[in-house]
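The values are calculated or read from the model by the stated rules, or taken from the named source; none is laboratory data. Since the model is a prediction, treat every value here as computed from it, not as a measurement. We place every Cβ from the backbone using ideal geometry, glycine too, and count neighbours over all the protein chains shown.
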Amino acid sequence: MIRNVLLFVFLACSVIPSRAFGPDTTRLQPKPVFGKEARVISYLLDNHHFRRIHFNDSLSSVVFDSYFNELDPSRVYFIKSDLAAFDSYRFKLDDLTKAENVEPAFRIYAYFQDLYRARLHYVIDNLVAQQFDYTVDEYYEVDRDHLPWANSKAELDDTWRKIIKSQALSLKLTGKNPSEITDLLRKRYERLLKSFDQINNEDVFSIFMNCVTESYDPHTSYLSPKASDLFRQSMSLSLEGIGARLTTENDYTKVAEIIPGGPADKSKALHANDLISGVAQGKDGEMVDVVGWRLDEVVKLIKGPKGTEVRLQVLPAQTGMSGPPIVLTFIRDKVKLEDQAAKKKVINYSVNGKNLKLGVISLPSFYMDFAAYQKGDPNYRSTTRDVKRLIQELKTEGVNGLVIDLRNNGGGSLPEAIDLTGLFIKEGPVVQVRDPANRVEVGADEDREVTYDGPLVVLTNRGSASASEIFAGAIQDYKRGVIVGESTFGKGTVQAVLDLSRWIPDQEKVGQLNLTSQKFYRVTGSSTQNKGVTPDILLPTPLSPEQFGESSRPSALPWDVIRKTEFQKANNVNDKLVSNLSKDYQERLKSDTALKKYVSEVDEARESYSQTKISLNEATRRKEMESRPKVGDVPVDTRVSKEGLPVDDLNALKDEPLREGLLILSDILTKYIG
């Protein structure tokens, strides 16, 4: 998201400053090199982006609106007349940017600076100590980015009254007394003012330039020199600590992704979209309120030496901001490649007089140890090599069928997705890749060896993306296995990393452009972009495509179709088999207690996610908190045998989507294989 570049969310309102356009030496000013970068980026977007669209007046208007939205994502700062004051720029940003003129971005930001500071002083002076009436029936709308801009300052004043009242009520419900609430809120907004003054001209240029790049598509982005360095460092540093990637949403730190194999992943307690409101060190450290903090400052608190303890105060995504906060404890660690590698287990299941051994291979990502490969290490790690070894071990253990678990696998190496598919088919095309000139390359498996030819189920969810979608799509198209779960993310594009120094010989350091240059297509010609892969057996999901996934992004490239490529289907799966398995699943929905409970929990979570208004009535808020579904998005089996090993029995599984995938596999084995 664009706002991640800023690393800090803006909460403000509209108080028209007396000095909006006049010269001021304290204002952030654009460097000459910014104009050069802007011109080169505009050229690269116009000539090399996959969409082949041009930065014209129409796109200028999109960028204009996007810039205001990024400065004020919650629409608690600008009013309609503020945008009108700069409307002369609406259809000129394209020409000005190409002419190396980014002054409009800095003028708008200077205006924003005055309004932001004035509003926060208003909040500190007039609202944080206010004693609110919590018996009044009123609500605050949390999902604000689709609301119209306010018409007046008075309208925003009332919005801010509700913001502070909601925050004060949340603190009250955690047991804080009035003086503690006032002190916490005052410190929170004083910290926001202090953090705001740390924003520099490079940050402003990055925000504006990303509004330009994201108008082409969500995955095209500009990284400033500092952000580029941090990005390269993150290849190792991001895997230290608790194993979670963070972003910002409104005034909260939000969990964007759980790193496979890290402490957060192993705990099964922290989930994507959870909000972090506090951080504490050790068992007895004070819980520090981090609402409104810059993202990098929150990360510093969460990171620490391996083996040390950190506690997070979290608002679970499942219960939302109106639900109760929970405190989670983690022991910091470094995530190793071994922790992210494919893993196997055997699930025992007896049904209709048959004793089945069902193999499960969990695949967190499509990885390859390029460094070891380049050094000539014959034992270098890769997805395909590891999965091939695990399949051979499972065969030795006598498994009757196999589940490949791709849930929350965000992708990775494209060659590994192709090679992994090759373990299950004789040979043939796996993916088609199209460039802006409509040239199509086919990525194919050329190895006729088949490592596993038995019954196969592939488990997906909304977090399965990119390379995961290529593998799942190929298995489905070849009729090689049954896809079970949620529709996938829909990320079907490829990005090229362009170092802008190739075009800008300047003494000043310049950044990089991540440019969408290609698009993925299945062997049938259907794109994985936007729609993703639809499972053969669709399980319930708490998130709609409009809430999470590629299709939730306004500038996402569309789904389309190209000519199919010739391939020979395996035909392990046919329409009749899928129809029968669907009927079996529908019957279980009527009688299987665990499945019915899971569907009910998903329905409750979906309802919770759809609620965007928070009550400011104390009694109502307490009732909402008590009625929220219990936290435990995907329960995990914690029972162990006498030997200390997990109880590998299908009936003991608490992971219902996996259990359902295994039941579908058992139906294939016991009902539909002669």
Practice task
State whether one or more residues within the range 307-314 are under 15 Å from G262 (Cα atoms), of a type outside the set (V, I, T), in the same structural domain as G285 (by TED's automatic domain parsing) and part of a loop (DSSP other than H, G, I, E, B).
Solution key: yes
Exercise for the section: Scan the range 472-531 residue by residue and report those that are farther than 22 Å from A444 by Cβ and of a type in the set (F, W, Y). Expected result: F489, W503
Exercise for the section: Search the range 332-359 for residues being aliphatic (A, V, I, L, M) and in contact with a strand residue (DSSP E or B) (Cβ under 6 Å, 6 or more places away or on another chain), and hand back the single one that is farthest from T670 (Cα to Cα). Expected result: A342
Practice task
Scan the helices (runs of 4 or more DSSP H) fully inside the range 360-461 and keep the ones with 2 or more residues being modelled with pLDDT of 95 or more and under 30 Å from D667 (Cα atoms).
Solution key: 383-396, 414-422
Exercise for the section: Give me a count of the residues in the range 456-490 that are in contact with a Gly (Cβ under 9 Å, 6 or more places away or on another chain) and at positive phi. Expected result: 3
Practice task
Only residues that are closer than 23 Å to I562 by Cα and over 22 Å from the mean Cα position of the chain (by Cα): list them for the range 521-549, please.
Solution key: Y521, R522, V523, T524, G525, S526, D536
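Rundown of residues vs (1) surrounded by fewer than 20 Cβ atoms within 10 Å (Cβ to Cβ); (2) touching a strand residue (DSSP E or B) at 6+ places or on another chain (Cβ under 7 Å); (3) over 27 Å from D499 (Cα atoms), yes/no style:
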{"site": "R39", "(1), (2), (3)": "yes, no, no"}
{"site": "V63", "(1), (2), (3)": "no, no, no"}
{"site": "Q131", "(1), (2), (3)": "yes, no, yes"}
{"site": "V136", "(1), (2), (3)": "yes, no, yes"}
Exercise for the section: Run down F10, F50 and say which single residue is part of a loop (DSSP other than H, G, I, E, B) and at pLDDT below 90. Expected result: F10
Handout entry: Qualifying residue in the range 130-139 (condition: in contact with a Phe, Trp or Tyr (Cβ under 7 Å, 6 or more places away or on another chain) and modelled with pLDDT of 95 or more)
Key = no
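Return the residue satisfying two criteria in turn: it lies in the range 98-129 and is within 22 Å of M209 (Cβ to Cβ) and either without any contact (Cβ under 8 Å) to a residue 12 or more places away in the chain or hydrophobic (A, V, I, L, M, F, W, C) (or both), and of such residues it is surrounded by the most Cβ atoms within 10 Å (Cβ to Cβ).
Looking at residues that are within 22 Å of M209 (Cβ to Cβ) and either without any contact (Cβ under 8 Å) to a residue 12 or more places away in the chain or hydrophobic (A, V, I, L, M, F, W, C) (or both), I get A105.
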